[in-house]
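S.K.: Got a structure for you, written out below as structure tokens; questions coming shortly.
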Amino acid sequence: MGLQPYLLLAACLFAIGLFGVLTRRNAIGILLGIELMLNAVNVNLVAFARYAADPAGLIFALFTISITVAEVALGLAIVILIFRVRRTVEADRLDLLKG
Amino acid sequence: MNDAGTLALAALGLPLCAFVLLAVVAPLRRAGKAAGALGIAAIGGALVAALVLWRSGQGVELAWSWLPAEGGPMATVGILVDPVAAVMLVLVALVSFLVQLYSLGYLEHETGPALGRYYAYHSLFAVSMIGLVLAGNFLQMFIFWELVGLCSYLLIGFWYDKPEAARAAVKAFWTTKVGDLGFIIGIVLLWGRAGTFTFSELFKMAGDGTLAPDGLGLVMFLIYLGAVGKSAQFPLHVWLPDAMEGPTPVSALIHAATMVAAGVYLVTRAYPLFLLTPDVLALIGWVGAFTALLAAVLGLVQADIKRVLAYSTVSQLGYMMAALGAGALGAGFFHLLTHGLFKALLFLGAGAVIHAVGTNDVWRMGRLGGAMPQTAIVFLVGTLALAGIWPLAGFFSKDAVLAGVWEGGLTVPFLMLALTVFLTAFYMFRVVFLVFFGAGRAEGHPHDPPVSMSLPLWTLAGLTVGVGGYFALRGGGQEGHGPGWIPWVSSALAVAGIVCAWVTYQKQAVSAETLARIFAPLYTAAQRKFWLDDFYGAVYRGGFLALSRLVGWVDRYLVDGLVNWASAWTLRVGDRLRRIQTGRAQDYLYGVAFGLLLVIVWSYWP
Amino acid sequence: MSLEAAGFWGLALVLLASSLAVVLSKNLFHSVLYLALALVATAGVFLLLHAEFLAAVQILLYAGGVITIVVFAIVVTERLVGERLNQTNRGVAAGGLVSLAVLIAIGLFVMRAPLPHAAPPVAGDLTEAIGRNLLTRYVLPFELLAVVFLAALLGALFFARKEE
């Protein structure tokens, strides 16, 4: 087994996650897409660590996972706050920054 | 540095110190009389230095390099003392000293600060004028030339709360600027041709013929334009009569004896260069003679005693220029010196009269000869000198001028000047008869001026008589090489003028109104100053209006149009572009995705 | 086909299928469950790569922590809105096109790159290596991570607290 299949798998995961982020209407759905994209990054990091025989990649993956968790917690708190204020979590309607 | 250099620098430096002190030390300036005393002391010191320098007969040239450039300095700064400069220096310092002394009495009712300001200006004028006389090159001369112009502006507008004075100051400044523009262009052109500003080098080049004469005519004409403005030659003479709005001592100093003579001095100074361009010299002669005649005619109809003297000044400056143009350098310069003395005397005398009766109008004066005998005597001395009566100073210099013009072959200008002799005597004695001997109409109780005013008057009168007497005893003027009939003719014309004035204004055998009717067209034209002022006013106003319209159009349609177009364009583009900003995070993510694609494509482009 | 390859393709199939279900499912709750499945499958991939510790962390933190939080958030939100949250997609064509373009771009990039065809032998215990590195070379980022967590905790509390 070479490194290539892992990278291609990660690329597929990333693309699927991107698709989710781009198309989901619900803010929580968008967050799930982001999780998938970050997961793809983790696959890449671990695969590189394995094939380069360097534990640094593993540690980066560890950091990514940890920070992702923090991000999810914070993101969901924001979603709930938005919901309280605007009574919706539809991303379409969250356009306060519209120019 | 030698003796003469030290003296010349002292003459320049003393008034400068006085000016700086008066300008910087405010309490001293506000003190008024003390400021006056300082100014007088400084110019007195300068006078002593000038006298010593003149008597020693030493010439000196000092130069320090200035404006460094590749291959030696571009210009130098220095002083040049030769006999001409030394005599001129004495005249300037003497008249300045006497006028400052006289002003102390004349302006006794001014407040302290105003008097201090007056003396500060006067000291600055003394510095500038002495600097102009001593200048060793054209550039330095031009700087001082502008400085005297500035002082003239400041002093004409000394009573700046009077609208006429303020307007006259601006008019004087603008009109002389027209000439100055030509002057500086001429200097620069001359530099481009010769590569130096320094007089002595230029003269040497003129002497050995290294200065190419073709095209030099234009250069010298431009330089002469500066003299036209400053010395009030036709057609730029219009500012000088208006400049009489300033205090009378100022008129005596700046607008009679010194500054207006600067133009004549300039031509005298640059004479070796003018000699290379005979056409320009002939033009100078013709313009001078015409100016003399024109101003004399204008002087006939003035009611303001100072304006009569102003036109007489213009006329006499025309004499000097005519002499220079005809090649009689010595005669022109000689007339400058004597005229400086007796015209200052006349102005100061007129000042004493004005001081006593409180008006400038000759029709509201009369029979002052009894009330003010001293003034009457000195004024009469000045008038006789101006008319050219033997043995006063004016007689010799005027005859020298006439002889010089005749010898120079300028016959028509000679006839004009001869006619002017008659007119000069006529209009001056018109004033004398109206003011001192005519039917008494003066108000108040006029009396002779205090000693600080009469002392300068007597000094100048003494000098006028003394110089004349010196030449009378020594026999003949400096350049009395003309035909022997010239003194007789000019004296006869002068006497005829006096008699005519006596018949018209004293005996009233011929009424002035009848004369005016006989010469009606000329009289009307003279009353309107030959429409020159109207013409200039219209051109000035029209020019400014047209320029303003043009500038306004450019501003409204080009500048504003550009700004409006830019802002409208920005607004429209912004309106289009803001649609990109949907406010939805997902739409922005498309941008990120495109950016990512772009980076990838770019990274494996060949 | 080796055991590793077989495991990889099996896991890849599960991973891709569950990922697609995450982004396409109409029911938000189902999406979350599919995400859990995808994360567990990722943990399997980690195991294939001899990263046992990371696989454990993945299951504990993601499958345990994240999924719990998301489910909790969905429940809270649904309680507040009073109805089931529907999960629909919009602009599927545009999103799909862009995603596909990104996939192709990255795929081409990976295909062209000279990559190793065989993994080096595993050197010792990777978990021990992680522990050593984390507390020596990477100790500063590690501690900073704690600060980030604290900040996230406080931020989440601040945002989610009831208005006074």
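Read the figures in this text as sums done on the coordinates, not as results from a lab. Here the structure is a predicted model, which means the values were calculated and not measured. Neighbour counts run over all protein chains shown; Cβ positions are idealised from the backbone, glycine included.
S.K.: Once you have a ≥ b ≥ c as the square roots of the Cα gyration tensor eigenvalues for region B:142-219, tell me rounded if a/c is under 1.5, and otherwise prolate or oblate according to whether a/b is larger than b/c.
M.R.: Details: a/c = 4.98, a/b = 3.00, b/c = 1.66.
Note, shape of region B:142-219 comes out prolate.
S.K.: Semi-axes of region C:124-164's equivalent ellipsoid from the Cα gyration tensor, sqrt of 5 times each eigenvalue, largest first, rounded to whole Å?
M.R.: Values: eigenvalues 237, 21, 3 Å².
One finds semi-axes of 34, 10, 4 Å for region C:124-164.
S.K.: Which three extents, in angstrom, do the Cα atoms of region B:236-395 have along their principal axes, listed largest first?
M.R.: Rounded to whole Å, the extents work out to 55, 32, 24 Å.
S.K.: Of A:Val85, A:Val69, A:Val46, which has the largest mean-square fluctuation in a 10 Å C-alpha GNM of chain A?
M.R.: It is A:Val85.
S.K.: So what are the ³J(HN,Hα) numbers for region B:271-277, from phi and the Karplus equation (6.51, -1.76, 1.60; θ = phi - 60°), rounded to whole Hz, Gly and Pro as x?
M.R.: Calculated HN-Hα couplings, in order: 4, x, 6, 5, 4, 6, 10 Hz.
S.K.: Rank by packing, highest mean first: peptides B:554-566, C:98-110, B:165-177, B:291-303, with packing defined as the count of other Cβ atoms within 10 Å averaged across residues. Please report the intermediate quantities before stating the final value.
M.R.: Values: B:554-566: 10.7, C:98-110: 18.2, B:165-177: 19.9, B:291-303: 23.5.
Order by mean packing, descending: B:291-303, B:165-177, C:98-110, B:554-566.
S.K.: Using the Cα centre as the reference, give the magnitude of the dipole from point charges on the C-beta atoms of region C:3-90 (Lys, Arg: +1; Asp, Glu: -1; all else neutral), rounded to the nearest 20 debye.
M.R.: Numbers: 4 positive and 4 negative charges, 71 e Å.
Charge dipole of region C:3-90: 340 debye, to the nearest 20.
S.K.: If you take each beta carbon of peptide C:48-60 and count the beta carbons of other chains within 10 angstrom, what is the mean? Walk me through the numbers on the way to the answer.
M.R.: Details: counts 5, 11, 4, 11, 0, 2, 10, 1, 0, 6, 6, 0, 1.
Across C:48-60, the average partner-chain Cβ count within 10 Å equals 4.
S.K.: May I ask you to evaluate 6.51 cos²θ - 1.76 cosθ + 1.60, the Karplus curve with θ = phi - 60°, for each residue of region B:568-581 and list the ³J(HN,Hα) values in order in whole Hz, giving x for glycine and proline?
M.R.: Those phi angles translate into 5, 4, 4, 4, 5, 5, x, 5, 5, 5, 5, 5, 4, 7 Hz.
S.K.: So for the pair B:Arg364, C:Leu47, with labels modelled 7 Å out along Cα→Cβ, what separation do we get in nm?
M.R.: Label at B:Arg364, label at C:Leu47, 12.4 nm between them.
S.K.: OK, next. Given the pairs B:Lys507/B:Lys529; B:Lys306/B:Lys529; B:Lys204/B:Lys398; B:Lys177/B:Lys306, which span a C-alpha to C-alpha distance of over 20 angstrom in this model? Don't skip to the answer; put the middle values down first.
M.R.: Working: B:Lys507/B:Lys529 28 Å; B:Lys306/B:Lys529 16 Å; B:Lys204/B:Lys398 32 Å; B:Lys177/B:Lys306 24 Å.
Over 20 Å apart, Cα to Cα: B:Lys507/B:Lys529; B:Lys204/B:Lys398; B:Lys177/B:Lys306.
S.K.: For the pair C:Val71/A:Ile78, report the inter-label distance in nm, with labels modelled 7 Å from Cα in the Cβ direction.
M.R.: Going from the C:Val71 label point to the A:Ile78 one covers 2.6 nm.
S.K.: Sort largest first and round to whole Å: the equivalent ellipsoid semi-axes of region A:4-88, each the square root of five times a Cα gyration tensor eigenvalue. Let's see the in-between values first.
M.R.: On the way: eigenvalues 177, 51, 3 Å².
Here the semi-axes work out to 30, 16, 4 Å.
S.K.: Counting only other chains, what is the mean number of Cβ atoms within 10 angstrom of the Cβ of each residue in peptide C:27-38? Walk me through the intermediate numbers first.
M.R.: On the way: counts 0, 6, 0, 0, 7, 4, 0, 1, 7, 0, 0, 7.
Averaged over the peptide's residues, the number is 3.
S.K.: Which of the lysines could a cross-linker bridge to B:Lys33, judged by Cα under 19 Å and excluding same-chain residues fewer than eight apart?
M.R.: Candidates past the 8-residue exclusion: nothing left.
S.K.: First measure r as the distance between the Cβ atoms of B:Gln581 and B:Tyr604, then evaluate 1/(1 + (r/R0)^6) with R0 = 30 Å and state the FRET efficiency to the nearest 0.05.
M.R.: On the way: r = 32 Å, r/R0 = 1.07.
The value I calculate is 0.40.
S.K.: Once you wrap a convex hull around the alpha carbon atoms of chain B, what is its projected area averaged over all directions, in nm²? Can you show the working numbers first?
M.R.: On the way: hull surface 166.9 nm².
Mean shadow area of the hull around the Cα atoms is 41.7 nm².
S.K.: Across peptide C:134-142, how many C-beta atoms of other chains are within 10 Å of each residue C-beta, on average?
M.R.: That works out to 2 on average.
S.K.: Would you mind checking region B:1-31 for residues with the amide N under 15 Å from a putative spin-label position 7 Å along Cα→C-beta of B:Ser56?
M.R.: B:1-13
S.K.: Could you go through region C:49-64 in sequence order and give the Karplus-derived ³J(HN,Hα) for each residue, using 6.51 cos²θ - 1.76 cosθ + 1.60 with θ = phi - 60°, rounded to whole Hz, and x for Gly and Pro?
M.R.: Rounded to whole hertz, the list is 8, 6, 10, 5, 4, 5, 4, 5, 4, 4, 5, 5, 6, 6, 4, x.
S.K.: Among A:Val43, B:Ala261, A:Gly29, flag the residue with its Cα farthest along the positive direction of the charge dipole of the protein assembly as shown, charges on Cβ as +1 for Lys/Arg and -1 for Asp/Glu.
M.R.: Checking the options against the dipole of the protein assembly as shown, the answer is A:Gly29.
S.K.: Please give the peptides C:153-160, B:492-499 ranked by average Cβ packing (other Cβ atoms within 10 Å per residue), highest first, as a rough proxy for protection.
M.R.: Working: C:153-160: 14.8, B:492-499: 18.4.
With the highest mean Cβ count within 10 Å placed first, the list reads B:492-499, C:153-160.
S.K.: Starting from the Kirkwood Rh over alpha-carbon pairs, what translational D in µm² s⁻¹ does region B:171-273 have by Stokes-Einstein at 4 °C and 1.567 mPa s? Don't skip to the answer; put the middle values down first.
M.R.: Working: Rh = 14.5 Å.
Once the numbers are plugged in, D ends up at 90 µm²/s.
S.K.: Quick one: if you stick a label point 7 Å off each Cα along the C-beta vector at C:Lys26 and B:Val554, how many nm between them?
M.R.: The answer from the label model is 7.4 nm.
S.K.: Hey, what angle do you get for helix A:56-86 against the long axis of chain A, alpha-carbon based, 0 to 90 degrees rounded to 10?
M.R.: Orientation of helix A:56-86: about 10 degrees from the principal axis.
S.K.: Summarise the long-distance tail of P(r) for chain C by giving the % of C-alpha pairs beyond 27 Å. Don't skip to the end; give the middle numbers.
M.R.: Numbers: 6477 of 13366 pairs.
Every Cα pair in chain C considered, those over 27 Å come to 48 percent.
S.K.: Something else now. Shape verdict for region B:40-117, please, from the Cα gyration tensor: rounded (a/c under 1.5), prolate (a/b greater than b/c) or oblate.
M.R.: The shape class here is oblate.
S.K.: Specify the angular offset, from 0 to 90 degrees and rounded to the nearest 10, of the alpha carbon long axis of helix B:33-56 from the longest principal axis of the alpha carbons in chain B.
M.R.: The angle comes out at about 70 degrees.
S.K.: Expected output is a single nm value to one decimal: the length gained when fully extending between C:Arg90 and C:Asp125, i.e. 0.36 nm times separation in residues minus the C-alpha distance. What is it?
M.R.: Numbers: separation 35, 0.36 × 35 = 12.60 nm, distance 4.73 nm.
Value of the extension gain: 7.9 nm.
S.K.: What whole-number volume per residue, in cubic angstrom, does the convex hull of the C-alpha atoms of region B:220-293 give?
M.R.: Values: hull volume 5.6 nm³, N = 74.
Convex hull of Cα atoms, per residue: 75 Å³.
S.K.: Hey, what's the Kirkwood Rh for region C:3-90 if you take every pair of different alpha carbons, in angstrom? Please report the intermediate quantities before stating the final value.
M.R.: Details: mean 1/r = 0.0714 Å⁻¹.
Value: 14.0 Å, from the Cα pair sum.
S.K.: If you don't mind, there's one more thing I want to ask. Determine Rg/Rh for the protein assembly as shown; Rg is computed over alpha-carbon atoms and Rh is the Kirkwood hydrodynamic estimate from the same atoms.
M.R.: On the way: Rg = 50.8 Å, Rh = 35.5 Å.
With Rg and the Kirkwood Rh in hand, the quotient comes to 1.43.
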